[in-house]
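Report on one structure; see the data block that follows.
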Amino acid sequence: MCGLFGMMRFDQALTEYDGAAARAATASLAHRGPDHQGEWIEGGLYMGHRRLSILDLSESANQPFHLGGHVLVYNGEVYNYLELAEELRSTGQTFSTHSDTEVVLAALIQWGLPALAKFDGMFAAAWHDRATGRHVLMRDAAGQKPLYYAHDEHGLVYASELGALLGLPGRQWRLDRNALRRFLARGYHAWDETPINGIKKLPPGHCLIVEHGQVRLERYWTSVPGQDLLDL
């Protein structure tokens, strides 16, 4: 289990105040990842990570993970990463760690979002392409790993836990009473719902894609036999 937090401003660079708030939010996830806290900041983007070391215990596998102009923060495990690494080596890819994190990022770079169809595992992640500025949130098809987000015309925030978003200063979150009623009736929050107005869960098998300040939700997985994945 690891923790990730991200903050993105569409119209300006992050301020020192933004950076301090983002670091505090990332630190609030320390119980998910006690082994390391890392961050990457560029312009209007902050990507933070709390790591629980499992596969590769070395510092070289710390996150955010960088590869060829791409940055990844990732929580989870892709069980078939060794097989994917062999497939990627056949294309000329080399690896500097023994972590599935590096394989996940290399696969996304090589195949784009259709790479998600190759992943056998549970994950929540954020992938940033520095050349294009495209930022993508993604969640496994079963929704085993959590990812919450909120956005408006000015920017996007996301985190592995709701509390990391609720603790952000200057935000006036309000209880969603209708969602609370449905929770009391069902015993769970369905699909993308949370108890807070303006904060959603990324649905299982979906990506949230941010390009040029525009945000769109796309499904990459379907349970219908024989149906092709969406061309992302």
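The values are calculated or read from the model by the stated rules, or taken from the named source; none is laboratory data. Owing to the predicted nature of the structure, the values given are computational and were not obtained by experimental measurement. All Cβ positions, glycine included, derive from the backbone under ideal geometry; neighbour counts span all protein chains shown. Just so you know, the surface numbers come from the protein's heavy atoms only, side chains and all, with ligands and any DNA or RNA stripped out. Shrake-Rupley method; radii C 1.70, N 1.55, O 1.52, S 1.80 Å.
The listed residues 102, 211 rank as 211, 102 when sorted by accessible area, largest first, using a 1.4 Å probe. Once both labels are positioned 7 Å from their Cα atoms along Cα-to-Cβ, the gap between residue 131 and residue 184 label points is 5.4 nm. Under a Gaussian network description of the chain, with springs only between Cα atoms under 10 Å, the residue in 209, 54, 41 that fluctuates furthest is 54.
Heavy-atom surface analysis with a 1.4 Å probe gives the chain a carbon and sulfur content of 49 percent of its accessible area.
Compute the projected area of the convex hull of the Cα atoms of the range 108-152, averaged over all viewing directions, and report it in nm² to one decimal place. The Cα convex hull of the range 108-152, projected and averaged over all directions, gives 3.9 nm². Ordered by 1.4 Å accessible area with all protein chains kept, 212, 206 run largest first as 212, 206. If R0 is 22 Å, the Cβ-Cβ spacing of residue 36 and residue 15 corresponds to a FRET efficiency of close to 0.30.
If R0 is taken as 22 Å, the Cβ-Cβ distance between residue 173 and residue 153 corresponds to a FRET efficiency of 0.80. Measuring with a 1.4 angstrom probe and ignoring ligands and nucleic acids, residue 83 comes out at about 120 Å² accessible. Size estimate for the range 1-92 follows the Kirkwood approach: the inverse of mean 1/r over distinct Cα pairs works out to 14.4 Å. Coordinate range of the alpha-carbon atoms in the chain per principal axis, descending: 53, 46, 34 Å.
Per residue, the chain exposes 48 Å² of solvent-accessible protein surface, assessed with a 1.4 angstrom probe and all protein chains in place.
The listed peptides 136-149, 85-98, ordered by packing as a protection proxy, come out as 136-149, 85-98 (highest mean of other Cβ atoms within 10 Å first). Placing unit charges on the Cβ atoms only, positive for Lys and Arg and negative for Asp and Glu, gives the range 97-167 a dipole magnitude near 120 debye about its Cα centre. Ranking 62, 148, 107 by how far each Cα lies toward the positive end of the dipole of the chain (charges on Cβ) leaves 148 at the top.
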